[in-house]
Amino acid sequence: TAARARGIAERAVIYRHALKNAFIPVLTMMGLQFALLLAGAVLTESTFTWPGLGRLLVERIEYRDFPTVQGAVVFFALLVSLVSLIVDIIYAYLDPRIRY
């Protein structure tokens, strides 16, 4: 590659160029999987009766306590939005061509 032709060390080529570019799709998948992680937490907490926000959400739905359900859903939505924002900021750091 061009970096090797310039005499840059193999380790620097791998860390500076290859891994930096390879991490962008991994970061995308990590951001997308976060929402699925929250949904899986709700199912796991309900199945195994572990205390947590997911179990609280399911119990409050059964009791028709809609203000608590609304608060939990808004909290989950804020978490997903925050993770999405962090992923976008990391994108801009990893690839300077991406600017918002």
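Derivation of every value follows stated rules applied to the coordinates shown; laboratory data play no part. Owing to the predicted nature of the structure, the values given are computational and were not obtained by experimental measurement. Glycine gets a Cβ as well: all are built from the backbone with ideal geometry, and neighbour counts include every protein chain shown.
Quick notes on this structure:
- Among ALA12, PHE66, THR47 - extreme Cα towards positive end, dipole of segment 6-100, charges at beta-carbon: ALA12
- Residues GLU45, GLU10, arranged from fewest to most other Cβ atoms within 10 angstrom of their Cβ, appear as GLU10, GLU45.
- Cα principal axis extents for the chain, largest first, Å: 68, 31, 14
- Relative contact order (%) - criterion: Cα under 8 Å, at least six apart; region: the chain: 25 percent
- Nearest-20 debye value, the chain charge dipole, Cβ charges on Lys, Arg, Asp, Glu: 680 debye
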